1. If we scan the stretch 341-348, do we find a residue that is open to solvent by 10 Å² or more (accessible area, probe 1.4 Å), farther than 19 Å from P482 by Cβ and assigned by the TED database to the domain that holds I388?
2. Please specify each residue of the stretch 356-375 satisfying the condition of being open to solvent by 20 Å² or more (accessible area, probe 1.4 Å) and touching a strand residue (DSSP E or B) at 6+ places or on another chain (Cβ under 9 Å).
3. Can S236 be described as among the polar types (S, T, N, Q) and within 21 Å of the chain's Cα centre (by Cα)?
4. Going by the conditions given, is I128 farther than 27 Å from T264 by Cα, at pLDDT 95 or above and outside any loop (DSSP other than H, G, I, E, B)?
5. Which residue, of H544, H531, is touching a residue at least 24 places away in the same chain (Cβ under 8 Å) and outside any loop (DSSP other than H, G, I, E, B)?
6. Picking from V326, V400, V385, which residue would you name as being assigned to a strand (DSSP E or B), aliphatic (A, V, I, L, M) and open to solvent by less than 10 Å² (accessible area, probe 1.4 Å)?
7. Could you tell me how many of the residues in the stretch 80-125 are assigned to a loop (DSSP other than H, G, I, E, B) and charged (D, E, K, R)?
8. For the stretch 438-458, name all the residues that are out of contact with any Pro (no Cβ under 8 Å at 6 or more places or on another chain) and part of a strand (DSSP E or B).
Amino acid sequence: SFLPLCSRKSLMTPLVFCLLLQPPQTLLSTTTKPNIVLLMADDLGIGDIGCYGNDTIRTPNIDRLAKEGVKLTQHIAAAPLCTPSRAAFLTGRYPLRSGMDAINNYRVIFWNGGSGGLPPNETTFAKILQQQGYSTGLIGKWHQGVNCESYNDHCHHPLNHGFGYFYGMPFTLISDCITTEPPEMDREFRRKLWLYTQMMGLATLTFALARLTGLISVRWKTVTCLAVFSLLFFASWFSSYGFIRYWNCIMMRNHEVTEQPMVTERTTSLILRESISFIRRNKHKPFLLFLSFLHSHTPLLTTEKFLGKSRHGLYGDNVEEMDWMVGKVLDALEKEGLKNTTLVYFASDHGGWLERQEGKRQLGGWNGIYRGGKAMGGWEGGIRVPGIFRWPGMLPANTVIDEPTSLMDIYPTVVHLAGGAVPQDRVIDGRDLMPLLQGTVQHSEHEFLFHYCGVHLHAVRWHQKDSGAIWKAHYVTPVFQPPGAGACYDRGFCPCFGEGVTHHNPPLLFDLSRDPSEAKPLTAETEPFFHTVIEKIGRATEEHRRTLTPVPEQLSSYNIMWKPWLQPCCGTFPFCWCDKEGNI
């Protein structure tokens, strides 16, 4: 039954030849699980990097990723702010499904010592990959909460959400982290608190002087009570807002606080060192590295090497430094021989912050041709972000895909690549991108995408695949101040509801395939299918709303309050200060 040796050779030659002719995707489809490196910028505008049209800020390493991989031109964040957008990214679900979007004006995690955060019953992609045998690490920004009931229960901590290693900020970078910068966190509210404190102090002093001079008859008991009340009022708010650097600007390694407050001069080098170290430690088994940059969020921490080097001031310097960090991570993968077995993804959590200015300095990003920016739930500039994938041999190089995709799509994509399965007991809004990225399908699986501002639905996108149209209906839009300015410069952030928004009935309608800048709304007179499109989107919205179920509000007024008993502390509260990286 055995073939002669010469016959076997004659059969083997064409067989080997045919195998060699197979495309790389087929050859690599049966290989081991890929390493996965997810790179996420903070507040980076889609117009800030070269491969998306910027010709003045130098981003050669991010541009190299796009040249060697696939660039998405309609990559959409599920929310226009950090906390809800990242919650959606981690869970593959709209943030209001997990309670991570707000009904009030406090739309992000506000304190490390708050009780809100990503619920423990949410299943992140990191948790599934960990179950599939991956080493999982998060380096950089978290901003999904820390504790629930005590200062060390760490119910919202990265290590409770599938990450086996964490080094970084449990909060987010803010200008309050640097003593020389003007305050950023709750700036207007703090000014009011100072004013009220001064008024009460002045009233107390006035009554005391009047009593001493005999101008009015007032009992010392009354003066004393007023003085005590004034002191208690001052202590009630200054105990939190007066020590923001100590409460929020901290660094952690796993469950341990390592810097309180953080030493910002070395943060960049430590994050880069930790990222490369994680790659080297785990190069012999599949790993997931989520490098969550502190760049390019204010106060724009930038090392001396990059200061003054760009043509766009401090913001441009900061973006160019982040690109350099991307290059160092890519170099580490190549040096360890991991380039061809690693899927690399780069994105931003939402659009650039247009209103972020100090005097004439623009400290926020640029969103290119797209209208609006950070905090704006509907306008494209707040939610359209860079999206780049590279996986040599598995994904085509120098490819552009102009189809609607979402940050939520990363969830099912990496879960399937790791050999896992998405949870079946909840709605997953993301879609596996590999067929689209590899070119085996031509269209995104998303027909509708829903754009929220907090828990308020501001806009809906309909991808009409048969015609190529991408309709977008705006039900609510922010009121720009000054009028025509393109942002809410009077407030610093555009609101989601109240007097700062306009409701539209019928909604404003745009076809993004013809008008990506959302400059000219369509009407029944200018668009024959106006009413048909509005009705179709309206029915889809009702169907979507039927999939929503009530969940606890993680960003409620109570949950976002600072609670001393929940404050992470490397000493004995309130004596919380340490530097365990002192020799770095």
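1. Pass one, the stretch 341-348, residues open to solvent by 10 Å² or more (accessible area, probe 1.4 Å): 341.
Checking which are farther than 19 Å from P482 by Cβ leaves us with 341.
Filter again for assigned by the TED database to the domain that holds I388, leaving 341.
Yes, the stretch 341-348 has at least one match.
2. Listed by number, the residues that qualify are G368, Y370.
3. no
4. Working: farther than 27 Å from T264 by Cα: yes; at pLDDT 95 or above: yes; outside any loop (DSSP other than H, G, I, E, B): yes.
Judged against the criteria, I128 is a match.
5. So the residue among H544, H531 that is touching a residue at least 24 places away in the same chain (Cβ under 8 Å) and outside any loop (DSSP other than H, G, I, E, B) is H544.
6. Only one candidate qualifies: V385.
7. 4
8. Answer for the stretch 438-458, where residues must be out of contact with any Pro (no Cβ under 8 Å at 6 or more places or on another chain) and part of a strand (DSSP E or B): F448, F450, H451, H456, L457, H458.
The values are calculated or read from the model by the stated rules, or taken from the named source; none is laboratory data. This is a predicted model, so every value here is computed, not measured. In this analysis, Cβ positions are derived from the backbone assuming ideal geometry, glycine residues included, and neighbour counts consider all displayed protein chains. What goes into the accessible areas is simple: the full protein's heavy atoms, side chains included, and nothing from ligands, DNA or RNA. Shrake-Rupley method; radii C 1.70, N 1.55, O 1.52, S 1.80 Å.
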